[in-house]
1. Name the helices (runs of 4 or more DSSP H) wholly inside segment 184-243 in which the number of residues that are free of Cβ contacts under 8 Å to residues at least 40 places away in the same chain and out of contact with any Asp or Glu (no Cβ under 7 Å at 6 or more places or on another chain) is 1 or more.
2. Checking the conditions here, which among 465, 481 is within 20 Å of residue 434 (Cβ to Cβ), more than 23 Å from the chain's Cα centre (by Cα) and touching a residue at least 40 places away in the same chain (Cβ under 8 Å)?
3. Quick one: which residue in 418, 396 is buried (at least 24 other Cβ atoms within 10 Å of the Cβ), closer than 28 Å to residue 104 by Cβ and in contact with a strand residue (DSSP E or B) (Cβ under 9 Å, 6 or more places away or on another chain)?
4. Please count how many residues of segment 395-445 are basic (Lys, Arg), in contact with a helix residue (DSSP H, G or I) (Cβ under 8 Å, 6 or more places away or on another chain) and modelled with pLDDT under 85.
5. So which of 486, 496 is more than 18 Å from the chain's Cα centre (by Cα) and either among the charged types (D, E, K, R) or modelled with pLDDT of 80 or more (or both)?
6. State the number of residues belonging to segment 264-291 that are surrounded by 15 or more Cβ atoms within 10 Å (Cβ to Cβ), at pLDDT 90 or above and of a type outside the set (Val, Ile, Thr).
7. May I ask you to list pairs of residues, at least six apart or on different chains, whose Cβ atoms are under 6 Å apart, with the first in segment 99-122 being on the phi < 0 side of the Ramachandran plot and the second being outside any helix (DSSP H, G or I) and among the small types (Gly, Ala, Ser)?
Amino acid sequence: MRRGAAAETALRLALTALLAALILLPLAALLWHGLIRGDGAAVLAAPVTRRALAHTLVTGLGSTLLAGLLGGGFALLAGLTDLPQRGLLGLLFTLLLVIPPQITAIAWIALTGPDSPVLRPLGLAPHPGAPTPLFGAGGIILLQGIEQAPLVFLALRAGLRAIPRELTDAARTAGAGPWRVLTTIILPLAAPALAGGLSLAFIAAIGNFGTPALLGIPGRYIVLTTLIYQRLTGFGPSALGAVVALSLILGVLAIGCVVLERWIAGRRDVRAGIIPADPFPLGRWRAAAVAGSWLLLALLLFLPLAALVGAALVRAEGLPLTAATATFAHFRAVLAPGSAMRRALADSLLLSAVAAMLLGGIAAPACHLARRGRVLRALVAAADVPFALPGVVLAIACILLFLRPVAGIALYDTLGIILVAYLMRFLPLARRPVSAALDRLDPALEEAAQAAGAAFPRRFVTIILPLLIPAMAAGALMVFLTAFNELTVSALLWSEGHETLGVVVFNLEQAGAFTQAAAVSVIAAGVTVALMAGASLAARGTPGLLPWQS
């Protein structure tokens, strides 16, 4: 038993030190350089900063409102009614979030531009030479609203499931109709979940880089993330003082939203129970609801992806897509041996797989031991802060930490700095499924083993760990999917020969190689969809294991 207790103490100390390094060091670096060493007053007072902040708030609030309308409406329809194929529709709706912003932006540029392979044959595309209508604030709000709508959908649907069943059963037994039950019971109880989803959507919107970069920079509409990118890429490390000051603005906004979301979550009155097994019947509106759901997905998902595929297949930008102009040359070019795409694909697969395995392995013992340790419990809870910080802010923190070698190890200008940033950022994705699974475990299992004399290592390996493997796999999958196409962090951390897929897509589009950027985007989106489909098939016997499961 003494040896087991010593092993438990050693593991607890190691996890505490590791989580403190991943969570507290980037925050400390930002605060030290921004508030103590930095002189950001002139940067914060500059007109361009005020304009970028105003643009950030306008696009953030506008896209959050749109995300609430789309995601909230779809959650009510799929979560409360007898809508057919709710699981498939939820999976497809979640794709709007999983497909990265830069790919979504390129798909919509292809769809709405003068050379649109979808609208041009119908005579609905803009005139040749006309600017893409998405460039500017309106396009950013539209696409960010679409991209973040699944956050509201997932949060509200979870809130609907947590409503005590007896309340809705009693109201329906008393003769209350669906509308009265919805307005007097369901919506008030689900309001905190909706507010939490909206706050998450706002955090994601203000930290978005891909969409504002591809739609805002051409239209000279600068937000804070793109201003940070332009300052750092234009002036290099000499601009660190200015970009740290700009990063702190984003950090304050994001952390303020996190605090608000936590406060809202603490006010939820959640008890065991679900929405009644018999959902509200759609009746004669059933066919219209099904048609409307598929039409919405066609407009938001299928048509942009079809335009993306068409842009990747056309021989040259500007030509109509026909049998004579279709070619796979762009796919062959980006997949050719020695190409940046091949290198970036290998880098992204490696970084995503290593981050997923490490964080999946850390999450289980950390969450389990955190239940009996105050410091470790606080660190596990604080892991949400780096995830909530905009990616460019976390990237700046990593540059501050690793610009010079640490303990003789040089991470700057290597894949190592991107991997460390992924470990800092994506820990909550691995933690949440594991925490939920631990909440469902009967503590009597471990207590019985402990009473029988089993030390902690044996109890954890033989009892706890096997029961957590499905949740660990789900968390690791979410880390992999998110990191595989990531751009916001790696846009500032990549170096020549160490690109990621998101960086290659962005660089190709910025260099004017739109058809090749579309080809890379199609490949990346295809891998993402295949992984989600495979995970859904593997998790069919475990409802609720994956976020998009009904």
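1. The qualifying helices (runs of 4 or more DSSP H) are 187-206, 224-235.
2. None of the other options fit; the residue is 465.
3. Just a single option satisfies the conditions, and that option is 418.
4. Residues meeting the conditions: 1.
5. 496
6. Residues that pass the stated criteria total 1.
7. Every condition considered, the pairs that remain are 114/125; 114/130; 115/318; 116/125; 119/125.
A quick yes/no check of all residues on (1) under 30 Å from residue 499 (Cα atoms); (2) surrounded by fewer than 22 Cβ atoms within 10 Å (Cβ to Cβ); (3) basic (Lys, Arg):
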residue: 330; (1), (2), (3): yes, no, no
residue: 339; (1), (2), (3): yes, yes, no
residue: 344; (1), (2), (3): yes, no, no
residue: 351; (1), (2), (3): yes, no, no
residue: 369; (1), (2), (3): no, yes, no
residue: 373; (1), (2), (3): no, yes, no
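The values are calculated or read from the model by the stated rules, or taken from the named source; none is laboratory data. A quick note: this is a predicted structure, and the numbers were derived from the prediction, not measured. Every residue, glycine as well, gets a Cβ built from its backbone with ideal geometry; the counts of neighbours run over all protein chains shown.
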